[in-house]
Amino acid sequence: MAGAQGLRFIILVLKTGALVTYGMGRLIPNKKQEVRSLELLKKYGPITLFFSWVPVVGDGFCLGAGWLRINFWLSFVLILIGKFARYLVLAAVSLQIFS
């Protein structure tokens, strides 16, 4: 039981930053922005949020998703899957290196 609660806590912490950035994007008034991550988000759509873990552009994806008013729950699920996959790979690599 403690393991499941720990996992839920870790997932909550991982998602909090991305969701705060998403919320900040919703607060931005509709003005033209020249941002690379926003262009990619417009071109490829919400699926781009799978890559919210990528340094530098990942936060831009979350910000852009909020600014474009992409559905919150869709964003939530895509960010969750992307970040979970990242940390799953990092854990696997770490276990290989340190075992």
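Just so you know, all these numbers are worked out from the coordinates, no wet-lab data involved. Remember, predicted model here, so these are calculated numbers, not experimental data. FYI the Cβ positions are ideal-geometry reconstructions off the backbone, even for glycines, and counts take in every protein chain you see.
Given a Förster distance of 25 Å, report the FRET efficiency between residue 12 and residue 44 from their Cβ-Cβ distance, rounded to the nearest 0.05. Plugging the Cβ-Cβ distance into 1/(1 + (r/R0)^6) gives 0.35.
Comparing 95, 54, 64 along the charge dipole axis of the chain, the residue lying farthest to the positive side is 64, per the Cβ-charge model. Each residue of region 62-73 was assigned a 3J(HN,Hα) from its phi angle through the Karplus expression (A = 6.51, B = -1.76, C = 1.60, θ = phi - 60°), giving 5, 4, x, 5, x, 5, 7, 6, 5, 3, 4, 5 Hz with x at Gly and Pro.
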